[in-house]
Structure formats: structure tokens, C-alpha cells
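Heads up, the thing below is written out as C-alpha cells.
The values are calculated or read from the model by the stated rules, or taken from the named source; none is laboratory data. If you're wondering where the values come from, they're calculated on a predicted model, not measured in any experiment. A quick note on method: Cβ atoms are made from the backbone with ideal geometry, for glycine too, and the neighbour counts reach across all protein chains shown.
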Amino acid sequence: MTNTAAPAYKRILLKLSGEALMGEDSYGINRSVIEGIVAEIRSVVALGVQVAVVIGGGNIFRGVAPAAAGMDRATADYMGMLATVMNAMALQDAMKRGGLECRVQSALNLEQVAEPYIRGKALRYLEEGTVVIFGAGTGNPFFTTDTAAALRGVEMDAQVVIKATKVDGIYTADPKKDPSAIRYSSLSFDEAISRNLKVMDATALTLCRDQALPIIVCSIFKPGALTRVVMGESEGTLVRV
């Protein structure tokens, strides 16, 4: 008889959008929302799963986006990277208050507030059971935090990238606008790219495809969804080679 108590994945890369931290607010960080996200992560860590996190910055950058209109793209991207570091610090604080050991590593040199990204050190933290939060994206303009998630997932030898969003999977259309939209249970990378389903940007999808690193899209607001994913249960949408 199969032991269903064992997680399907030993190490995961969790991609959180900055917008997820807003909850129903128009921008910023909703404290109750971030505490709920930490509770979901804590449940997974309690199973012995090693967790690395890449976080976006849209919830903070949204507030300055009008001022960034017409700005040099590289400058705007660096501002976005700094927003992700702010989110990473907030998530770290919430994790520590929630009893989780965690470290923030930044792709930009911000040593007063975060460690520099060092792959070997991050791997050691994961092996010790510490959650590692990666801020500042890839450290380069013109790349999204989706691409950063794919890159860090490969570098951390993660077995899966879990993109936790406000929606419980990938649909044929926006389920909020089209009630007849159908959720995919699984897709190939080529299908996701050719159908332009906005799972992640094409660079991130291509990197995961080439490295045979599966992606699962699920809702971070659906209680227990993250745990069900790591246990190998049917949850969200699986994108695979």
C-alpha cells in the first residue's frame, strides 16, 4: 500500500506575486493576508519540505507606476526590484513572528537589509530547513520575477515551481470575466506558450521547459491548496514537458 503521508516534492520554489500580498487593498501589504500566506507555508515546512520563495513587487510599484510612466525602462525595472526586496523583508518579518526560520537573499547589493545572493549558501539554508526568500528578481532589468523564479528554481535544484496566485489554476479565459471559462488540469509548456495563456512570461516558460522543471499554478488563498500540491494531490494546473 502506498504511503500517502510522504510529500511528493522535497524541495519547491514558490513564486508569489506582489499583488497577492495586497488582498483586497488597492496597493501595499495587507497584514492578515501575509499572515495567512505564512500559515500555508508553515504547514508545508512542517511536512519536511524545503521552501525557497521568489516574490514580486507589483503591490508596491503600483503606487509609483504613474510617476514611472515615460521613465527609462532600466530605471523603472530597478525600482521594481527594490519593491520586491521590501516585500521580501515584510514576508521575512511575518515568518519570524510565525515561528519560521528564514533568510532573505537579494540579487542587488543591499547588505544592510539582506544577504547577497550566493547559491551555495542558499542551498545550505534549504538543507537546514530554513526558508530562503529571494528578492530583487534576477538583479537585471528587462527580466520579470517570473523569470527569476524559473532561474532560482533551476539553481536551487527545486523539483517544481509553484506559482501561487489569486486564481486556482489556468483557465481558457479570465474566469472573472467569462463564467464559461474552463480550468485546465494539465498543459504542456508548448501549449501554454502557443496559446499565450499568461501563465508566466515566455522566457520563464522556455527555461522551465528546457530544464524539464514542472510548474503548478494554484491559489494561495484556497486553504490547504499549497499542502495538497506538495503532497501530490490534484490541485490547480500542472504545466509539464
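When Val160, Val154, Val199 are checked against the criterion of being within 15 Å of the chain's Cα centre (by Cα), over 18 Å from Thr84 (Cβ atoms) and at pLDDT below 95, Val199 stands alone in meeting it. Against the definition (within 30 Å of Arg31 (Cβ to Cβ) and of a type in the set (Asp, Glu)), how does Glu191 come out, yes or no? Here the answer is no, as Glu191 does not meet what is asked. Quick check on my filter: what residues within segment 1-17 are of a type in the set (Gly, Ala, Ser) and at pLDDT 90 or above? Once the filter is applied, which keeps residues that are of a type in the set (Gly, Ala, Ser) and at pLDDT 90 or above, segment 1-17 yields Ala6, Ala8, Ser17.
Summed over segment 202-215, residues that are more than 16 Å from the chain's Cα centre (by Cα) and assigned to a loop (DSSP other than H, G, I, E, B) total 2. Residue count for segment 196-240 satisfying the condition of being out of contact with any Asp or Glu (no Cβ under 9 Å at 6 or more places or on another chain) and on the phi < 0 side of the Ramachandran plot: 15.
What about Gly36, is it on the phi < 0 side of the Ramachandran plot, in contact with a helix residue (DSSP H, G or I) (Cβ under 9 Å, 6 or more places away or on another chain) and in contact (Cβ under 8 Å) with a residue 24 or more places away in the chain? No, not satisfied.
Selection of segment 115-140 for residues being surrounded by fewer than 20 Cβ atoms within 10 Å (Cβ to Cβ), in a loop (DSSP other than H, G, I, E, B) and not aliphatic (A, V, I, L, M) yields Glu128, Gly129, Thr130, Gly139, Asn140.
Tell me which residues, restricted to segment 95-114, are surrounded by fewer than 21 Cβ atoms within 10 Å (Cβ to Cβ) and closer than 14 Å to Arg152 by Cβ.
Arg103
Within segment 1-31, the residues that satisfy the criterion of being closer than 16 Å to Ala88 by Cβ and assigned to a loop (DSSP other than H, G, I, E, B) are Ser17, Gly28, Ile29. Of the residues making up segment 167-200, those that are of a type in the set (Asp, Glu), surrounded by fewer than 16 Cβ atoms within 10 Å (Cβ to Cβ) and assigned to a loop (DSSP other than H, G, I, E, B) number 2. For segment 141-166, enumerate the residues that are over 24 Å from Ala94 (Cβ atoms) and assigned to a helix (DSSP H, G or I). Across segment 141-166, the qualifying residues are Thr147, Ala150, Leu151, Val154, Glu155. Could you please let me know if Ile41 is crowded, with 24+ Cβ neighbours inside 10 Å and at pLDDT 90 or above? For Ile41, the condition - crowded, with 24+ Cβ neighbours inside 10 Å and at pLDDT 90 or above - is met.
Step by step: first the residues of segment 32-59, then only those that are part of a helix (DSSP H, G or I) and among the polar types (S, T, N, Q), then the one that is farthest from Met231 (Cα to Cα). Which residue is that? So, considering only residues that are part of a helix (DSSP H, G or I) and among the polar types (S, T, N, Q), the one farthest from Met231 (Cα to Cα) is Asn59.
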